[in-house]
Amino acid sequence: MAFTPQMPERNVQSAPMTGSRTYITTPIYYVNDKPHIGHLYTTTLCDVYARFFRFAGWDVFFLTGTDEHGQKIEKAAQERGITPQALADENAAEFEKLMTNAGFTHDDFIRTTQPRHVKQVQAFVSRLHEAGYIYLGEYEGWYDEGQEEYIPENKAKDSDYKSTTSGKPLIKAKEQNFYFKLSAFQDRMEKLLIDQPDFVRPEARRNEVLGRLREGLQDVPMSRTNFSWGVPMPNDPQHVIYVWIDALMNYATALGLGDHDSEEYKSRSKYWPATYHVVGKEILWFHAVIWPSILMALELPLPRCVYAHSFWIREGQKMSKSLGNFIDLAAINQYLDAYGSDMWRYYMITHGPLGATDANFSASQYHDVYHADLVNTVGNCSSRVTAMINKYFDGEVPTESPQGKRMIIADVDWPALANSAVQDTTQAMEKLDFPGAMLATLGLMRKVDGFINHTEPFKLAKDDTRRDELGAILYQCLEAVRISSLLLWSALPTKMEELWVALGLDIDPRQGELPKLAAWGGLQVGTKIKKVALFPRVDNPVEN
Ligand code: MSP
């Protein structure tokens with residue numbers, strides 16, 4: 001047995017939020033699968049967050065990529081009679097194309113077969129070895145081939161010796177492996193989860209991890225010898241590094257943390273530690289326990305939060321290849337064609353499995369949400385206001401301060417309302433509470449609607465003596481719409497940019513000026529605007 005080095009206490013704590021620099025990651029996706037809703041979901045969550053905070057002026061780094069080693073990939077390539085590298089190149093290209101077509105704004109796309117990654121994984125593993133966290137041992141136990149995961153006896157028994165992911169029988173594995181001394185981190189891991197309740201979110205997932213932690217950590221095999229498609233162990237190339245260890249390290253290798261001479265290190269190491277690793281619940285253990293333990297062993301700071309979402313399901317059933325009920329790219333394209341790409345993003349972030357329970361993907365709910373939130377709220381509010389300005393002021397933005405002083409109408413303090421929408425949306429976004437963020441922004445638009453119904457500008461328009469009041473009302477409505485559009489842009493980029501063009505606004509979100517732009521009064525009096533119709537009604541839900 002290797003010795004158990006004592007880690008300095010400081011490494012137990014993950015870094016606090018910086019408030020102005022943030023690093024968010026998706027899992028890296030296996031290249032033996034075709035892209036589906038699961039991949040797009042996690043990436044959409046990260047993209048909305050990354051866009052929002054870049055626009056808010058933060059220094060953001062958003063990473064995604066592909067996981068290309070391991071037995072599964074080797075097998076899939078064999079079946080097709082091609083090399084694993086050829087298979088990886090082909091499918092990684094497909095993933096990358098999808099990410100670009102979907103308009104995702106990742107700053108890098110890492111592939112685990114890239115030399116930059118391989119080199120650093122070996123450097124990290126050598127460091128773990130030197131620090132006494134790796135030893136040679138014999139593994140005999142259960143193995144989930146599909147997940148490439150070693151399963152402890154008690155967990156295997158609970159699932160009737162079947163994979164909890166694929167349902168396929170677990171296999172008995174016996175092999176000589178290098179082990180990672182995970183057991184050395186028992187106390188520090190428990191302390192981390194207790195001291196920092198937000199380290200794993202949502203709460204229910206944290207409790208699960210803590211429960212399993214308390215059953216006791218066992219050392220884990222971290223190399224394999226029965227196949228060769230992986231990163232060779234630096235000290236013994238007969239072994240390849242277990243794919244999960246290799247994969248987890250992507251979050252650090254993309255920033256060059258394993259190679260201080262690299263360009264990546266110079267320009268990107270400032271982003272570490274990650275603010276969020278966003279992952280699906282089935283891969284939480286790796287991210288919430290194994291990865292932090294590796295980081296502690298490497299004396300690197302820990303991420304601030306591992307966010308584990310649940311699963312999209314269909315008609316109450318898990319999506320699986322055998323049931324043929326996956327929302328695949330063909331199905332996704334039907335939704336994109338019918339409702340546009342912004343609605344896809346909106347549905348993902350507002351009705352997805354962000355919490356501890358699975359979310360049902362439903363064509364009729366999709367349809368209803370589109371009409372309630374985008375057509376009847378965002379669309380209707382913007383078209384009502386722009387139409388009235390066109391009708392009553394020839395499309396020229398009127399003033400809210402006709403006598404040099406802002407008119408207050410119906411006792412509504414618009415600057416305060418807008419300001420709280422900005423604060424509430426930002427705070428919710430920071431917590432990855434996307435439904436909360438959208439509710440705060442749409443709430444502002446709903447207030448505009450209510451204000452119009454209450455003040456009845458269409459009636460005032462008939463009275464020439466009340467033009468000042470009419471102008472002030474419409475200015476206030478349009479200004480609230482403008483501010484809402486800034487807050488909505490990260491979720492609905494296409495339509496909000498369309499709206500900005502109609503409002504004569506020249507905005508480049510990469511300039512990071514959201515706080516300045518969102519201040520009340522930014523809308524210039526006299527600007528020529530056009531009437532908009534952003535979200536057309538759709539007759540029938542998509543059939544599937
Ligand atoms: N390669 C590993 C991750 C390594 S990260 C260091 C992997 N890859 S994966 O391609 O299988 O991952 C897919 C991601 O999609 C996971 O986060 C998973 O939770 C997510 N989803 C797969 N099916 C899903 C649903 N039905 N619903 C939502 N997300 C799901 O795991």
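Determine the pairs where a residue that is at positive phi, located within the stretch 521-544, has a partner that is among the acidic types (Asp, Glu) with Cβ atoms under 8 Å apart, the partner being 6 or more residues away or on another chain.
Between residues of the stretch 521-544 that are at positive phi and residues that are among the acidic types (Asp, Glu), the close pairs are Gly521/Glu479; Gly526/Glu396.
Could you check, for the stretch 324-340, whether at least one of its residues is within 30 Å of Gly211 (Cβ to Cβ), buried (at least 16 other Cβ atoms within 10 Å of the Cβ), among the hydrophobic types (A, V, I, L, M, F, W, C) and modelled with pLDDT of 95 or more?
no
Looking at (1) within 16 Å of the ligand (Cβ to nearest atom); (2) within 23 Å of Ile110 (Cβ to Cβ), which is the only condition Asp261 fails?
(1)
Return yes when Lys266 is more than 13 Å from Phe199 (Cβ to Cβ), free of Cβ contacts under 8 Å to residues at least 24 places away in the same chain and basic (Lys, Arg) and no when it is not.
Yes: the conditions hold for Lys266.
Would you mind telling me which numbered condition in (1) of a type outside the set (S, T, N, Q); (2) under 30 Å from Glu145 (Cβ atoms); (3) away from the ligand (no atom under 16 Å from the Cβ); (4) not in a loop (DSSP other than H, G, I, E, B) Gly216 fails?
All conditions pass for Gly216, except number (4).
Just to be sure, is Thr43 in contact with a strand residue (DSSP E or B) (Cβ under 9 Å, 6 or more places away or on another chain), within 13 Å of the ligand (Cβ to nearest atom), over 30 Å from Asn226 (Cβ atoms) and not acidic (Asp, Glu)?
Yes: the conditions hold for Thr43.
Tally time: how many residues in the stretch 46-73 are assigned to a strand (DSSP E or B) and away from the ligand (no atom under 13 Å from the Cβ)?
4
For the stretch 380-495, please list each of the helices (runs of 4 or more DSSP H) lying entirely inside it that holds at least 1 residues being touching a residue at least 60 places away in the same chain (Cβ under 8 Å) and of a type in the set (S, T, N, Q).
Details: elements: 380-393, 414-430, 434-455, 457-460, 467-488.
In the stretch 380-495, the matching helices (runs of 4 or more DSSP H) lie at 380-393, 414-430, 467-488.
Kindly indicate which of Arg205, Arg268 is in a helix (DSSP H, G or I) and either away from the ligand (no atom under 16 Å from the Cβ) or at positive phi (or both).
Just a single option satisfies the conditions, and that option is Arg268.
Would you check if Glu282 is surrounded by fewer than 17 Cβ atoms within 10 Å (Cβ to Cβ) and either within 12 Å of the ligand (Cβ to nearest atom) or closer than 21 Å to Leu45 by Cα (or both)?
Criteria met by Glu282.
What is the one condition in (1) modelled with pLDDT under 95; (2) buried (at least 21 other Cβ atoms within 10 Å of the Cβ); (3) not in a strand (DSSP E or B) that Val125 does not satisfy?
So Val125 meets the others, but not (1).
Which one is farthest from the chain's Cα centre (by Cα) among residues in the stretch 330-378 that are β-branched (Val, Ile, Thr), more than 17 Å from Val542 (Cβ to Cβ) and within 16 Å of the ligand (Cβ to nearest atom)?
Across the stretch 330-378, the extreme among qualifying residues is Thr357.
May I ask you to verify whether Phe104 is in contact with an Asp or Glu (Cβ under 6 Å, 6 or more places away or on another chain) and free of Cβ contacts under 8 Å to residues at least 60 places away in the same chain?
no
What number of residues within the stretch 298-329 satisfy the criterion of being in contact with a Phe, Trp or Tyr (Cβ under 6 Å, 6 or more places away or on another chain), within 12 Å of the ligand (Cβ to nearest atom) and not in a loop (DSSP other than H, G, I, E, B)?
Selection size over the stretch 298-329: 3.
Does Asp259 fit the bill of being in contact (Cβ under 8 Å) with a residue 12 or more places away in the chain, in contact with a helix residue (DSSP H, G or I) (Cβ under 9 Å, 6 or more places away or on another chain), part of a helix (DSSP H, G or I) and charged (D, E, K, R)?
No: the conditions fail for Asp259.
Restricting the stretch 17-33 to residues that are of a type outside the set (Asp, Glu) and near the ligand (Cβ under 10 Å from one of its atoms), which is modelled with the lowest pLDDT?
Only one residue fits best here, namely Asn32.
Looking at Met429, Met445, Met438 in this structure, which one is over 30 Å from Val279 (Cα atoms) and among the aliphatic types (A, V, I, L, M)?
Met445 is the lone residue from the list that is over 30 Å from Val279 (Cα atoms) and among the aliphatic types (A, V, I, L, M).
Which one of Tyr161, Tyr133, Tyr150 is aromatic (Phe, Trp, Tyr), surrounded by 17 or more Cβ atoms within 10 Å (Cβ to Cβ), more than 27 Å from the chain's Cα centre (by Cα) and closer than 29 Å to Ser322 by Cβ?
Answer to the selection: Tyr150.
Hey, does the stretch 434-441 have a residue that's within 25 Å of Asn390 (Cβ to Cβ), surrounded by 16 or more Cβ atoms within 10 Å (Cβ to Cβ) and within 40 Å of the chain's Cα centre (by Cα)?
Yes, the stretch 434-441 contains a residue that is within 25 Å of Asn390 (Cβ to Cβ), surrounded by 16 or more Cβ atoms within 10 Å (Cβ to Cβ) and within 40 Å of the chain's Cα centre (by Cα).
The values are calculated or read from the model by the stated rules, or taken from the named source; none is laboratory data. Please read all numbers here as calculations on a predicted model, not as lab measurements. A quick note on method: Cβ atoms are made from the backbone with ideal geometry, for glycine too, and the neighbour counts reach across all protein chains shown.
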